[in-house]
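The values are calculated or read from the model by the stated rules, or taken from the named source; none is laboratory data. All of these numbers come straight from a predicted model, not from anything done at the bench. Positions of Cβ are generated from backbone atoms using ideal geometry, with glycine treated the same way; all protein chains shown enter the neighbour counts. Calculation scope for accessible area: heavy atoms of the full protein, side chains included, ligands and nucleic acids excluded. Shrake-Rupley method; radii C 1.70, N 1.55, O 1.52, S 1.80 Å.
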Amino acid sequence: MSTEGNFGVSDRILTLPNLLSFLRLALVPVFLVLLVEGQDIWALVVLAVSGFTDFLDGFLARRLNQVTRLGQLLDPAADRLYILAALLGLAWRELIPWWLVAVIVSRDVMLLAIGIFLARIGHGAFPVNWVGKCATASLFLGLPLLMLAAALPDVQEWVQPFGMFFAVLGAVLYWWAGILYLVDTIRVRRVNRKPRGSAQTDAPSDTLET
């Protein structure tokens, strides 16, 4: 039986917030298919539903004291999958350049390598930093704007530039956050190379950057 304090994190799996997170994940392929087929309005509807469930599961997790380790993994994973699906769908339709997809995906590959290294040395994932949050927010603003521009030709002329601006800004911030995590990883590696008697100030965290 897991123990939970008022602000504790449990190992439970079947909680209402986690079920909402699973629903959010299940909608990713639906979102991608709609986007590839040019059903931009319906794709935006699915994205809006996903965003609402993201807010709702976080609210309920805190309200019902059902914050779980699984939930902390599912939320950033869902964010990444929606971003990846939006990038692939838009690039497939030639609404964004493939180099933008490569830039963003390569950062995630680097972060995956960092996560594997930290796990091997027994260090938890680093906490989310504000740059990573701003990067995700920029992408979740820019990519839907590009979808909206494709769906509504009448507003495409002025919506599309804003969408591309925030998408590129998100990519830049994405890499900025990635470099910060890389620097932290190098610092952790140096600390772990010190003799066992040396003090270590790096404590594991339960959250994963996005």
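Test F165 against the criterion of being assigned to a helix (DSSP H, G or I), open to solvent by 50 Å² or more (accessible area, probe 1.4 Å), touching a residue at least 60 places away in the same chain (Cβ under 8 Å) and of a type in the set (F, W, Y), and give yes or no. Here the answer is no, as F165 does not meet what is asked. Is it true that A61 is within 20 Å of the chain's Cα centre (by Cα), part of a helix (DSSP H, G or I), closer than 27 Å to L148 by Cα and not hydroxyl-bearing (S, T, Y)? Here the answer is no, as A61 does not meet what is asked.
Contact annotation: no residue pair with Cβ atoms under 8 Å, 6 or more positions apart or on different chains, pairs a residue in the stretch 15-40 that is under 30 Å from R63 (Cβ atoms) and among the small types (G, A, S) with a partner that is at pLDDT below 90 and outside any helix (DSSP H, G or I).
The residues of the stretch 43-55 that are open to solvent by 50 Å² or more (accessible area, probe 1.4 Å) and either aliphatic (A, V, I, L, M) or modelled with pLDDT of 95 or more (or both), listed by number, are V45, A48, V49. For the stretch 175-200, a tally of residues being within 13 Å of G122 (Cα to Cα), open to solvent by 90 Å² or more (accessible area, probe 1.4 Å) and modelled with pLDDT of 85 or more returns 0.
Please tell me if Y82 is closer than 24 Å to L20 by Cα, modelled with pLDDT of 90 or more and within 13 Å of the chain's Cα centre (by Cα). Break it down into steps so the answer makes sense when it comes.
Working: closer than 24 Å to L20 by Cα: yes; modelled with pLDDT of 90 or more: yes; within 13 Å of the chain's Cα centre (by Cα): yes.
Yes, satisfied.
Of the residues F7, F31, F22, F59, the single one that is farther than 23 Å from Q160 by Cα, aromatic (F, W, Y) and modelled with pLDDT of 90 or more is F22. Flag set for T136, criterion: touching a Gly at 6+ places or on another chain (Cβ under 8 Å) and among the polar types (S, T, N, Q).
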